[in-house]
Amino acid sequence: MIQWYPGHMAKAKKEIEEKLKLVDIVYELIDARIPFSSRNPMVNEILKNKPRLVLMTKSNMADSNLTKKWENFFKNNGQNVLSIDSTDGFNIKKIVPMSKELLKEKFAKEAQKGLKPRPIKGMIIGIPNVGKSTLLNRLVGKKVANVGNKPGVTKAQQWVRLNKDLDLLDTPGVLWPKFEDEKVGINLAITGAIKDELLKVEDLGNYLIDFLREYYPNEFASRYDIDIDCENIDLVRKICKSRGNIQSIEDGYRLLIQDFRNTRIGKITLDRV
Ligand SMILES: Nc1nc2c(ncn2[C@@H]2O[C@H](COP(=O)(O)OP(=O)(O)O)[C@@H](O)[C@H]2O)c(=O)[nH]1
Ligand SMILES: [Mg+2]
């Protein structure tokens, strides 16, 4: 499995801590399909008391019942949460009003001191592939991410002005995923958050089959029009057969995972509350 060495972790942590000083609020992105597995275990330690809005991305790919349960779970733990989708724009317009509400007191105090009204300063953080760049681009309404990487473009453009209400740091903070828990690693690989080459496709596929059979039997059976009540290997054979052109069992597993990633099986959440 890909590894974050202690040195990398320390560096990523330090980079985010440096940027934290510059912002009023942090947008912590987690994937609505894996709200537990896509959360960095040290995020609380890094963010401390910084105002935070948890954004569950890719919610149009997740099971809406589970998304509601996860929202309630976070709220019950005293966290501010909003499920969004950066591809179809779902709930994106709520981000600024919710941020204003969260920072009401801070801004009221500044006004009392006679300071001029100013935009909120925010930053986006999250593990790779959770949707940081897509959200930034969506909020700005054009491609801005990675502007600093092009030759000839200086890093001067540190802030992106979204509107009169919100400025965002143009480079999101990248957090590392957690690897201690095997199940978490599998969930990250199935959703495509980490490279799956280092995990056996059979292991991922068998995990997914068992999960779908237990929690989404109808969606699973109807996707391939098969009876799913059999050994996994036979089930994969049936999947291969349902698609005439699939030769090897391994390719059958691969197809299944690909179908999951493209939401062809259904809107599925892998982390239960
Ligand atoms: N359906 C859906 N896909 C998303 C969403 N946000 C990001 N993606 C997709 O997830 C992949 C990774 O997104 P990206 O923004 O590059 O992730 P980053 O590594 O955190 O910057 C891309 O294929 C995006 O199109 C979302 O809200 N909904
Ligand atoms: Mg990115």
Show the residue pairs that are 6+ apart or on different chains and have beta-carbon atoms under 9 Å apart, the first residue being within segment 7-23 and farther than 16 Å from residue 52 by Cβ, the second being modelled with pLDDT under 85 and surrounded by 11 or more Cβ atoms within 10 Å (Cβ to Cβ). 12/4
Give segment 175-219 a look and list any residue that's within 16 Å of ligand 1 (Cβ to nearest atom), among the β-branched types (Val, Ile, Thr) and at pLDDT 90 or above, or say none. 190, 191
With respect to residue 111, is the statement that it is in a helix (DSSP H, G or I) and modelled with pLDDT of 95 or more true? yes
Just give me the residues in segment 191-207 being under 24 Å from residue 59 (Cβ atoms) and assigned to a helix (DSSP H, G or I), in sequence order. 191, 204, 207
Given (1) surrounded by fewer than 18 Cβ atoms within 10 Å (Cβ to Cβ); (2) within 18 Å of residue 31 (Cβ to Cβ), number of the condition residue 234 does not satisfy: (2)
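The values are calculated or read from the model by the stated rules, or taken from the named source; none is laboratory data. From a predicted model like this one, the values you see are computed outputs, not experimental measurements. Virtual Cβ from ideal backbone geometry, glycine too; neighbours counted across all protein chains shown.
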